[in-house]
Amino acid sequence: MNKKLNLAIIGQGRSGRDIHGNYYNSDNNKYYNVKYVVDADANRRAMAEKRYPGCKTFADYRALYDCDVDVVVNASYSDCHYSITKDLLEHGKNVMVEKPFARNQFECETLIKTAEEKGVLLVVFQNTQTAPYYLDALRLIKEGRFGDVKQISIRFNGFARRWDWQTLQKKVAGNAYNTGPHPIAMALGFLDFDKNTKVAYSKLATAITSGDAEDYVKILLEAPNKPLVDVEISSVDAFSDYTLKIQGTKGTFKCTLQKYWMKYIVDGENPERPVIEEFLRDEEGNPRYCSEKLNVHEESGEYVGTPFDVGTATIYENLYYALTEGAELVVKPWQSAMVINVIETAHAQNPLPVKFI
């Protein structure tokens, strides 16, 4: 039986309460006792005390300085991620910080350096990097199922608008910082987190948001001898039917978080045709269109689990063994720093007017 670690969580918003909280109260949590909960709202603190019997609650995270806690989860507002995480690291606390890691590359590197200097563990909660559909896509590409992959498209799209703090630039919000860390981390993973990755093109725009942060994002990433990765995060796409699509010389893969479809050819079943430099003719000698019916295989199926359950559980299990046995992190801070660098670059290329100070 594993000895459970004492955990503190800062923030009881949607992420802290639902994503992290649902894990803490699930059968997958064999590793942590929620001993402390921090939230400025008294009502949320009262709800936490009922949800996690025996826990202590605080209005200010600084009350954790002298607490017996093995790891602190920072699920505060995005604009507080850097300052709170840095403060906790400097006080010798192991920290798992929600996405976005920070607002820019400098802040990310500062946090990584601080953790190293203090001898504590720093983790970024990027549960999509351990999601079943993403790991399966990585496996299929590595196995060569789709041949030489030319393009990977990632769509985190919908048709909806927001008018809360997640629409404000001053809160480090908008689709790129809020949702973007998930598809961008996937994109960088498909490029093997190549340090030579470049933002080939980007566009940020406001569409139907009430705030001044972007709700439309398009980013094209490229790296030497790697496929082009097309990332889109749009709030004005009412017909998006996939999360991920892979196009290769041997076939195509498409999936959502829970289902997948693929069509592919197998070596030797479709012999190469010699090039004919003239137009093609039918039996009567008339021009005909150049086409054929390839021998194509089709597969489809469902995934067991999503980023929110299996992905989250995997991150937390890995964190436990990293803390107790020195296991290698599955999501490394330098990878999350690369994610922020892409977002920072896109914002630099597409400055938006600030309407809310």
Picking from Gly189, Gly174, Gly158, Gly180, the residue that is at pLDDT 95 or above, in contact with a strand residue (DSSP E or B) (Cβ under 7 Å, 6 or more places away or on another chain) and open to solvent by less than 30 Å² (accessible area, probe 1.4 Å) would be Gly180
Given (1) more than 18 Å from Tyr316 (Cβ to Cβ); (2) modelled with pLDDT under 95; (3) over 20 Å from the mean Cα position of the chain (by Cα), Lys56 misses just (2)
Residue count, the range 88-102, condition closer than 16 Å to Asp60 by Cα and either small (Gly, Ala, Ser) or open to solvent by 30 Å² or more (accessible area, probe 1.4 Å) (or both), comes to 1
* To do: Determine, yes or no, whether Ile141 is within 17 Å of Ile265 (Cα to Cα), in contact (Cβ under 8 Å) with a residue 40 or more places away in the chain and surrounded by 15 or more Cβ atoms within 10 Å (Cβ to Cβ).
  => yes
Restricting the range 24-70 to residues that are among the charged types (D, E, K, R) and not in a loop (DSSP other than H, G, I, E, B), the one nearest to Leu5 (Cα to Cα) turns out to be Lys35
The strands (runs of 3 or more DSSP E) lying wholly within the range 241-357 that contain at least 2 residues that are of a type in the set (A, V, I, L, M) are 244-248
Those residues of the range 290-329 that are open to solvent by less than 70 Å² (accessible area, probe 1.4 Å), hydrophobic (A, V, I, L, M, F, W, C) and touching a helix residue (DSSP H, G or I) at 6+ places or on another chain (Cβ under 8 Å) come to a total of 5
Phe101 passes all but one of the listed conditions (1) without any contact (Cβ under 8 Å) to a residue 40 or more places away in the chain; (2) part of a loop (DSSP other than H, G, I, E, B); (3) in contact with a helix residue (DSSP H, G or I) (Cβ under 7 Å, 6 or more places away or on another chain); the exception is number (1)
Expected output for the range 157-176 (first residue within 16 Å of Lys203 (Cα to Cα), partner among the hydroxyl-bearing types (Ser, Thr, Tyr) and at pLDDT below 95, Cβ below 6 Å, 6+ apart or cross-chain) is Asn157/Ser240
In the range 166-205, anything assigned to a loop (DSSP other than H, G, I, E, B), among the small types (Gly, Ala, Ser) and farther than 27 Å from Phe253 by Cβ is listed as Ala173, Gly174
If you go through Lys250, Lys263, the only one that is of a type in the set (Lys, Arg) and either open to solvent by less than 70 Å² (accessible area, probe 1.4 Å) or under 20 Å from Asp192 (Cβ atoms) (or both) is Lys250
Notebook entry, point to check: Residue check: is Ile112 among the aliphatic types (A, V, I, L, M), under 25 Å from the mean Cα position of the chain (by Cα), open to solvent by 30 Å² or more (accessible area, probe 1.4 Å) and within 24 Å of Asn178 (Cα to Cα)?
Noted result: yes
Out of (1) touching a Lys or Arg at 6+ places or on another chain (Cβ under 7 Å); (2) touching a residue at least 40 places away in the same chain (Cβ under 8 Å); (3) surrounded by fewer than 18 Cβ atoms within 10 Å (Cβ to Cβ), the one Asn33 does not meet is (2)
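The values are calculated or read from the model by the stated rules, or taken from the named source; none is laboratory data. It should be emphasised that the depicted structure is a prediction, and the values quoted were computed from it without experimental measurement. Cβ atoms come from the backbone with ideal geometry, glycine included; neighbour counts cover every protein chain shown. The protein model used for the area step is the full one, side chains on, heavy atoms only, and it has no ligands, DNA or RNA in it. Shrake-Rupley method; radii C 1.70, N 1.55, O 1.52, S 1.80 Å.
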